[in-house]
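Shown below is the structure under consideration.
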Amino acid sequence: MPKPIPKNNSLKRVYILHLLPLEYYPPITNLLNILSKDKLVKTAIFSTKNTKNRPSFQTKNIQISRTNYPGYQKNIILKFWSFFTYVFLPLWQIIVFKPHVLMYYEPHSALPAYLYKRFFNPRVKLFIHHHEYYAPEEFQGPAMRSVRFFHKLETTFLFKKATWISQTNTHRLDFFSKDYPYIPKSTLFTLANYPPLSWAKSLKKRAKIKMPIRLLYIGALSFENTYIREIVTFVQNNPNSLKLDIFSYNIHKDVISWLQLENIENIRLNAFGIPYDQIPKMASSYDVGLVLYKGHNINYQYNAPNKLFEYLVCGLDVWVPKKLTGCKPYLNSQSRPFVLDINFNNLSLADFSSIIEENSVGDSFIQYNAEDEAIKLLKQIKS
């Protein structure tokens, strides 16, 4: 349990509610690592335990508490108990911690924030960040029943009281602002999903691309929402020109079964994923990073995913689907690393050969990093 902090006019106490497992969201763990080094901020966070065997995230100087996520419990009694601790344990810890700033992520985390802001400390500064953009109609499905209730607390109270509300890019922020026009523009911000500065500092000058082209995919996989079938078929049909390695701990069983059944020599699957901090060293062995989302809803269509920036900072060219409008501001075929929009429904090696073989272009310096992006958030926290 977080301990009360001695009164200090220069020290800002920040309590964060992230009631989805930290280990599934690199942007929050990157932010926690930044906060852990800031001597003017004292941070505590409440989250839930992951169920995918990811190493439990820890960082110095930050108190991390966890409970079981109710949605992962099948026993009704355990589900009820998990929900009770999910709401009232963090509320108690917030009361003891006495934060200057209370920040929560996603509507899933809204209830303890609502209870504290409304009934215990109306003066606490409220910050809200969204990993995803939720269109209003998405809260109507049966799978979103409890989240719909939490979101009602947002629209009727929390959004009106917030000092900071952020989305990951301007496209999503514009949609959000149109959905809730009563929210003052002065409280709306973007907070992009960039990797740590240390990744770019460790980058070595990339070698020229040679055949076979080494493709890398890191991330979730399903037939419904990604172009996994299309890229695998393409690689399978070009064994002398392409190799593909896949790292995914969030992969549908039918995709695993299909890949194992196909047993393609130039494709390797690691269904345990890879620890986040090991990505830069591992990625240096590849030429191209793949973004495979189909853009099945507005959230994904206007997504500039974590992996886009992580691949770029690691020096990889990136292939993104044409449907991902959120990636279009980053398209680049003038200097390495390239970002190319690809029609994954009609892949042809000839479309890539001239660009791949053009290795004389100069390398561009990639400046996307979490530390610089966090400056605007820290400025607001400390104000």
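We did not get these values from a lab; they are worked out from the coordinates using the rules stated. None of the values given here were measured: they were computed from a predicted structure. Positions of Cβ are generated from backbone atoms using ideal geometry, with glycine treated the same way; all protein chains shown enter the neighbour counts.
Counting other beta carbons within 10 Å of each Cβ, put I77, I213, I274 in order, fewest first.
Taking fewest neighbouring Cβ atoms as first place, the list is I77, I274, I213.
Okay, moving on. Rounded to whole Å and ordered largest first, report the semi-axes of the equivalent ellipsoid of region 197-357 derived from its Cα gyration tensor (root of 5λ).
Those come to 21, 18, 18 Å.
Using 7 Å Cα-to-Cβ label points, what is the N266/R123 separation (nm, one decimal)?
6.7 nm
Something else now. So what's the angle, to the nearest 10 degrees on a 0 to 90 scale, between helix 253-262 and the longest Cα principal axis of the chain?
Rounded to the nearest ten degrees, it is 20.
Given only helices, namely DSSP H runs of n ≥ 4 each adding -39500 (n - 2.57), what is the per-residue ellipticity at 222 nm of the chain, to the nearest 500 deg cm²/dmol?
Calculated at 222 nm, the ellipticity per residue is -9500 deg cm²/dmol.
Please identify, among P305, P27, P55, the residue showing maximal mean-square fluctuation in a Gaussian network model of the chain using a 10 angstrom Cα cutoff.
Sorting by GNM fluctuation, first place goes to P55.
Within 13 Å, Cβ to Cβ, of H151, how many net charges do the neighbouring residues add up to if Lys/Arg are +1 and Asp/Glu are -1?
Taking every other residue near H151 into account, the sum is -3.
Roughly speaking, what is the stretch gain from E224 to S241, that is 0.36 nm per residue apart minus the C-alpha to C-alpha distance, in nm to one decimal?
The E224-S241 span can extend by a further 3.4 nm.
Right, something else. Would you order D179, D287 from fewest to most other beta-carbon atoms within 10 Å of each residue's own beta-carbon?
Final ranking by Cβ density, sparse to dense: D179, D287.
Rounded to the nearest 0.05, what FRET efficiency do I274 and T85 have when you use their Cβ-Cβ distance and R0 = 30 Å?
According to the calculation, E is roughly 0.45.
Note down the Stokes-Einstein diffusion coefficient of region 289-332 in µm²/s, whole number, using a Kirkwood radius over alpha carbon pairs, 20 °C, and 1.002 mPa s.
Stokes-Einstein gives a translational diffusion coefficient of 208 µm²/s.
Can you compute 3J(HN,Hα) from phi for each residue in region 266-280, using the Karplus curve 6.51 cos²θ - 1.76 cosθ + 1.60 with θ = phi - 60°, rounded to whole Hz and x for Gly and Pro?
Computed from phi, the couplings for region 266-280 are 9, 10, 10, 10, 10, 7, 9, x, 8, x, 4, 6, 8, 4, x Hz.
Here's a follow-up. With the dipole of the chain worked out from charges on the C-beta (+1 for Lys and Arg, -1 for Asp and Glu) around the Cα centre, which of N343, T48, S241 lies farthest toward the positive end?
Most positive-ward Cα: T48.
Run through every distinct alpha carbon pair of the chain and return the Kirkwood hydrodynamic radius in angstroms, one decimal place.
By the Kirkwood definition, the hydrodynamic radius is 22.3 Å.
Viscosity 1.567 mPa s, temperature 4 °C: Stokes-Einstein D of region 1-104 from its Kirkwood Cα radius, in µm² per second?
90 µm²/s
Follow-up question, since we're still on this one. Cross-link list K125/K328; K39/K152; K210/K322; K37/K161; K60/K323: which exceed 31 angstrom alpha carbon to alpha carbon?
Pairs exceeding the cut-off: K125/K328; K39/K152; K60/K323.
Treat region 16-171 as a sphere of radius equal to its Kirkwood radius over Cα pairs and apply Stokes-Einstein at 4 °C in a medium of 1.567 mPa s; give the translational diffusion coefficient in µm²/s, rounded to a whole number.
Reported coefficient: 80 µm²/s.
Using R₀ = 30 Å, calculate the FRET efficiency as 1/(1 + (r/R₀)^6) where r is the Cβ-Cβ separation of L78 and T155; round to 0.05.
Once rounded, the FRET efficiency stands at 0.45.
Let me know the volume per residue of the alpha-carbon convex hull for region 121-245, in Å³.
Considering the Cα atoms of region 121-245, their hull volume per residue is 180 Å³.
Now a separate question. Please determine, in degrees from 0 to 90 and to the nearest 10, the orientation of helix 26-36 with respect to the longest principal axis defined by the Cα atoms of the chain, where the helix direction is its Cα long axis.
Orientation of helix 26-36: about 50 degrees from the principal axis.
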